[in-house]
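Report on the structure given below.
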Amino acid sequence: MNCKYGAAITGTGSFVPEKIMTNFDLEKIVDTSDEWIVTRTGISQRRIADENTATSDIATVAAAQAMEDAGVDAKDIDLILVATVTPDMAFPSTACVVQKNLQAVNAAAYDLGAGCSGFIYGLATANSFIASGMYKNILVIGAETLSKIINWEDRNTCVLFGDGAGAAVVSRCEPSEGILSVKIGSNGTFDRLITQPAGGSRMPVNCEVIQQKLNTIHMEGSEVFKLAIRTMASVSEQVLGDAGLKVDDMKLVIPHQANKRIIDGIFNRLKVTSEQSYLNLDKYGNTSAASIPLALDEAAKNGVLNKGDNILLVAFGSGLTWGATTVKWVK
Ligand code: UT7
């Protein structure tokens, strides 16, 4: 597609709650071990929000950092997208709370529900709004307080997830820069594989639902595992092809940080080297929509990225949903 405007990531930010929960802490709660969690997932610890902290709180901090990094004023933000499965409440949207917190008085705002693929869905949306000429500066935020919807008696899921937020300012740029290719997809026939069954119109919350813990995360991990590797490898190849690039052209590949063995599976298929990978899931676990922007911000702040570098971002999650993008770094 030939467009008049390109869309570039011009600033990033991130925030994680202070409280650390280690695998050893989890050993005291459920029948698990540090050894099992590390070898099966690569996760050593995760961050947990306190009872007074909601998703909008950590989203706001990450977003403010991203705006400062981009040198963009709140009044110049045209749209705020918050990708999350843990909104503050069903409505109003978490994005509107962030809009209020930032005093982004000229911004439209809405939430985006695409599970762990939410940040890539957000980049795809921002790219299209900018390409159309409608908007110049868009805040794309991935933020989650998954600890609030975890069943702390279910060892299959409680060891996997953590809380955090990452944000990017996406701004108008030359068409040859910024987001070079992007693809998003879904398959709702697998909707039961990762779900929070209760709390919506299908199953409103009542005492029985709470007793059965149906308002918490349910996941069929091993089925997700296989689909995640196959799909993330395939969508990565598609966006590389669309951009006319190869894996060797990538300075960094940042996959959704859910499980080290899933990432190894993708990287083996794509032949990504360890120098090209940026991982932080050992510290944060699976932070769903926040995982990619959290890692991207860390990589940028650690000086790993230079102007002109190509990066590949790829995600997979509840829905099922997936997405990938190749981006030329402009900072
Ligand atoms: O972010 C969205 C995408 N989500 C993901 O990508 C997650 C995808 N799935 C996974 O990461 C992995 O499937 C898990 C980490 C969730 C599980 O790893 P697995 O190798 O697929 O293990 P499994 O589910 O096949 O379970 C193997 C065994 C079972 O015991 P039995 O039935 O073989 O006796 C589980 O009960 O491991 C047991 N198990 C545990 N043992 C100790 C499951 N969780 C734990 C645990 N500690 N925390």
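The values are calculated or read from the model by the stated rules, or taken from the named source; none is laboratory data. The model shown is predicted, which means the values in this text are computed figures rather than measured ones. Don't worry about glycine lacking a Cβ; one is built from the backbone with ideal geometry, like all the others, and counts go over all protein chains shown. Just so you know, the surface numbers come from the protein's heavy atoms only, side chains and all, with ligands and any DNA or RNA stripped out. Shrake-Rupley method; radii C 1.70, N 1.55, O 1.52, S 1.80 Å.
Things worth noting here:
- Take the Cβ atoms of S222 and A108, set R0 to 35 Å, and the FRET efficiency comes out at 0.30.
- Amide H contacts of K19 (H built 1.01 Å from N, under 5 Å, at least 5 apart or other chain): I48
- Area accessible to solvent at E223, 1.4 Å probe radius, in Å²: 70
- Positive-end extreme of charge dipole, the chain - chosen from Q103, Y278, V182 (charges on Cβ): V182
- Total charge dipole magnitude, region 180-328, about the Cα centre, Cβ charges on Lys, Arg, Asp, Glu only, Debye to nearest 20: 40
- Between K75 and W36, the modelled labels are 5.7 nm apart [label points 7 Å from Cα along Cα→Cβ].
- Backbone amide hydrogens, once placed in the peptide plane, bring Q196 within less than 5 Å of H218, excluding anything fewer than 5 places away on its chain.
- Positive dipole terminus of region 6-177, leading residue within T60, M89, V169 (C-beta point charges): V169
- Computed over neighbours whose Cβ is under 14 Å from that of F129, the net charge equals +2, Lys and Arg +1, Asp and Glu -1.
- Residues whose placed amide H lies under 5 Å from that of A108, excluding near-sequence neighbours: L79, I80
- Dipole of region 6-177, positive end: most advanced residue of V140, I77, V16 [Cβ charges, Cα centre]: I77
- Distance from the alpha carbon centroid of region 28-53 to that of region 293-331 works out to 25 angstrom.
- Measuring nothing but alpha carbons in the chain and taking Rh as the Kirkwood radius, the Rg to Rh ratio lands at 0.95.
- Residues in region 159-175 carry Karplus couplings, in order, of 7, 8, 9, x, 9, x, 9, x, 9, 9, 8, 10, 10, 4, 8, 4, x Hz; the curve used is 6.51 cos²θ - 1.76 cosθ + 1.60 with θ = phi - 60°, and Gly or Pro positions show x.
- If only the Cβ of Lys and Arg carry +1 and only the Cβ of Asp and Glu carry -1, the dipole of the chain around its Cα centre is close to 680 debye.
- Å² per residue, accessible surface of the chain at 1.4 Å: 43
- A straight chain from R230 to D25 at 0.36 nm per residue would run longer than the Cα-Cα distance by 70.5 nm.
- Per the Cα gyration tensor, region 29-71 maps to an equivalent ellipsoid with semi-axes of 32, 16, 5 Å, ordered largest to smallest.
- Distance between region 137-206 and region 54-111 - C-alpha centres, whole angstrom: 15
- Value of Rg/Rh across region 6-177 [Cα atoms, Kirkwood radius]: 1.04
- Each 10 Å bin, from zero up to the one with the longest distance, holds this percent of the alpha carbon pairs of region 180-328: 11, 38, 30, 14, 6, 1.
- Portion, in percent, of the accessible area of region 68-204 that falls on carbon or sulfur, probe 1.4 Å: 49
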